[in-house]
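What follows is one structure encoded as structure tokens, with my remarks underneath.
Nothing in this text is a laboratory measurement; each read-out follows from the coordinates by a stated rule. Note that this is a predicted model, so its numbers are computed, not measured. Here Cβ is always computed from backbone atoms with ideal geometry, including for glycine, and neighbour counts include all displayed protein chains.
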Amino acid sequence: MAETNNTKNTKKPKFSPYWIYGLILAIFLFINLFGGMSSSSGVETTPSQFFEYLENGDVNKIIIINRREARVFLTEQASTKEVHKKTEKPDYMNFTGKAPDYKFEFGNDELFQEKLDQIITEKNLPINPVYKTETNAWGELLLSLLPFVVIIAVWIFIMRRMSSGAGGGAGGQIFNIGKSKAKLFDQNTEVKTSFKDVAGLEGAKEEVQEIVDFLKNPEKYTSLGGKIPKGALLVGPPGTGKTLLAKAVAGEAKVPFFSLSGSDFVEMFVGVGASRVRDLFKQAKEKSPSIIFIDEIDAIGRARGKNAMSGSNDERENTLNQLLTEMDGFGTNTNVIVLAATNRADILDKALMRAGRFDRQIHVDLPNLNERRDIFKVHLKPLKKVEGLEVDFLAKQTPGFSGADIANLCNEAALIAARSNKKAVEKQDFLDAVDRIVGGLEKRSKIFSKEEKELVAYHEAGHATVSWFLKYADPFVKVTIVPRGRSLGAAWYLPEESHLTRTEKYADEICVTMGGRAAEKLMFDKISTGALSDLESVTRKAKAMVTVYGLNEKVGNVTYYDPNGQGFTKPYSEKTAELIDTEIKNIIETQYQRAIDLLEEKKDLLILLAERLIEREVIFRDDLEELFGKRPFEKIIEKPSEKLELNISEEE
């Protein structure tokens with residue numbers, strides 16, 4: 001009985017491919033051993049020593065192998081000479097018979113043959129060199145078989161890996177290539193993110209919470225005849241919290257949550273993407289009610305028919321077709337909901353956006369002032385900060401910041417405080433972090449000549465002066481001539497958070513941006529390459545006025561906005577293109593001249609500001625109020641802040 005148990009418990013030894021690797025190694029050793037046996041007999045000598053033996057009449061026979069190696073046999077009398085006795089002879093024999101006494105290799109065959117014939121003729125020696133061609137038959141045979149041995153070894157190795165993968169081993173094997181790569185979160189998986197960790201996205205959070213509530217209490221909705229959307233698409237700029245919102249759903253839903261990226265469907269093999277889609281929905285249906293989350297769905301959801309010349313496009317479209325079929329294929333009672341996120345909803349296929357698939361779009365926009373305040377409260381919790389730190393102040397300094405930007409800002413502030421050996425993070429650390437993120441790393445080591453420093457000072461003073469006296473310009477905050485990142489100087493403004501922009505606002509912004517170059521022209525009657533980013537900014541704004549927002553009278557109330565961003569063809573004629581170019585240039589040149597006229601009127605103030613800037617390198621709003629007085633058209637605003645939009649002087 002014991003023997004039977006032992007027999008049952010005896011495991012069959014696993015196959016090991018190492019014997020194949022050993023066989024390959026043995027083949028190489030055999031080739032090296034037997035391929036060099038015949039040539040390893042004989043004592044090594046040199047051609048010059050050989051010719052000396054030849055002239056002395058000691059050589060009886062010479063065999064030349066493959067016109068590169070010589071094997072020398074001595075006469076019987078020469079073998080008794082002391083000079084040849086001193087050299088040890090090998091203790092093994094060549095396969096061809098008696099081993100040679102000496103052997104050597106020579107380089108130039110013609111020179112060697114010429115000298116050999118010369119000595120034989122001069123000494124009248126009875127020697128006739130023998131020429132042979134030798135091949136290593138064993139070596140050639142084994143070398144011819146070696147590729148087949150390697151292929152067989154690789155094939156056996158792959159098959160072993162495939163069989164282990166098919167038997168439920170490690171994922172990613174050949175047999176599992178069509179399986180879904182989705183990561184499953186369920187009641188056995190601890191997901192710490194909840195809706196409490198998602199701040200500032202009240203509207204989006206409310207819609208997502210409704211989906212979670214439906215999965216927990218479906219009767220609440222179905223009893224009234226309602227149907228929850230089958231798919232919800234989270235749309236918004238990068239860093240606004242789309243993926244974070246999905247993580248919160250995974251933490252709150254308490255149902256199986258399948259998470260993966262759009263690129264996880266993409267593979268080099270044909271049909272793999274569609275297979276993974278089928279497997280994903282199969283798993284989700286088996287575990288329903290469940291949620292599928294596809295991050296960056298634009299990787300596979302791009303509109304079909306674009307770039308038809310691309311060969312890989314067919315595979316992506318097959319994957320998309322399968323996704324469309326699966327989303328509209330399961331019944332309403334399967335309780336499988338698809339969430340997806342993208343920041344490029346404009347390029348998604350229309351069939352993906354129709355009712356019955358992603359029939360609900362949840363917009364996750366950049367946070368406003370109140371939402372930024374809530375986001376700051378979340379990210380400030382783990383920081384060791386000073387007492388009385390004003391969250392409202394920090395929220396006002398960061399218009400245009402996304403949730404990811406705010407998280408980065410808090411982390412950067414903590415690093416700056418640690419670098420200064422502080423015990424807690426202070427208000428100034430956050431302001432320095434804003435400067436670091438927006439303007440780049442401060443480079444005080446960069447050396448300026450006196451002329452360059454004066455030029456940069458007048459350039460930045462031009463921006464500040466023009467902004468101070470224009471009604472619709474953003475409130476001035478700070479100007480500096482300390483290099484940051486690629487910029488030689490920068491001016492900070494705090495833009496108002498508005499949803500609409502009038503023509504006057506655009507005009508004043510372009511005028512302020514051109515104020516730097518206008519100051520250079522006015523004070524030095526020359527211009528420099530420092531206005532590179534200024535020119536990029538004004539050209540972009542003027543082009544938007546003319547071609548996108550219809551704010552130009554001559555071009556008219558039309559828009560040539562391309563939502564898909566393809567830009568391969570112009571949606572207007574050449575005549576209209578010339579008119580657009582002319583109007584863009586006219587807008588910029590008009591505001592440039594306006595800036596020159598204003599600075600010429602305020603030239604004394606411009607000089608005072610530039611001189612103070614040269615002296616202090618950084619000046620704030622208080623300095624401008626001291627020099628210029630109260631700003632005209634002033635709105636009551638808070639204490640000077642440290643943000644946001646930069647007019648940067650670029651190095652060429």
Shape call, segment 219-286: gyration tensor on alpha carbons, a/c limit 1.5: oblate
In terms of the Cα gyration tensor, with a ≥ b ≥ c the square roots of its eigenvalues, is segment 396-483 rounded because a/c is under 1.5, prolate because a/b exceeds b/c, or oblate? oblate
With a point put 7 Å past each Cα toward its Cβ, work out how far Thr539 is from Leu369 in nm, to one decimal. 3.6
Between Leu532 and Lys471, with labels modelled 7 Å along Cα→Cβ, what's the label distance in nm to one decimal, could you check? 3.7
Label point at Glu553 placed 7 Å out along Cα→Cβ; residues across segment 493-519 whose backbone nitrogen lies under 20 Å: 502-511
Segment 224-277: chymotrypsin sites (Phe, Trp or Tyr not before Pro) falling in loop per DSSP and having at most 15 other Cβ within 10 Å: Phe269
Can you tell me how much longer the chain between Val83 and Gln118 gets when fully stretched, taken as 0.36 nm per residue apart minus their C-alpha distance, in nm with one decimal? 10.1 nm
Quick one: what are the phi-derived ³J(HN,Hα) couplings along segment 510-517, Karplus 6.51/-1.76/1.60 with θ = phi - 60°, whole Hz, x for glycine and proline? 5, 4, 4, 5, 7, x, x, 5
Could you give the length gained on full extension between Lys192 and Lys384, defined as 0.36 nm per residue of separation minus the Cα-Cα distance, in nm? 66.9 nm
Whose amide H sits under 5 Å from the amide H of Lys103, counting only residues 5 or more places off or on another chain, with H placed in the peptide plane? Val43, Glu44, Thr45, Val72
Of Lys422/Lys453; Lys381/Lys443; Lys450/Lys521; Lys450/Lys541; Lys61/Lys81; Lys242/Lys443, which sit over 25 Å apart, Cα to Cα? Lys422/Lys453; Lys381/Lys443; Lys450/Lys541; Lys242/Lys443
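With a/c under 1.5 counting as rounded, go ahead and sort segment 469-531 into rounded, prolate or oblate using the C-alpha gyration tensor (a ≥ b ≥ c being the square roots of the eigenvalues; past the cut-off, prolate if a/b is larger than b/c, else oblate).
oblate
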At Arg360 and Val154, where each label point lies 7 Å from the Cα along Cα→Cβ, what is the point-to-point distance in nanometres? 5.2
Roughly speaking, what is the stretch gain from Asp581 to Asn66, that is 0.36 nm per residue apart minus the C-alpha to C-alpha distance, in nm to one decimal? 177.6 nm
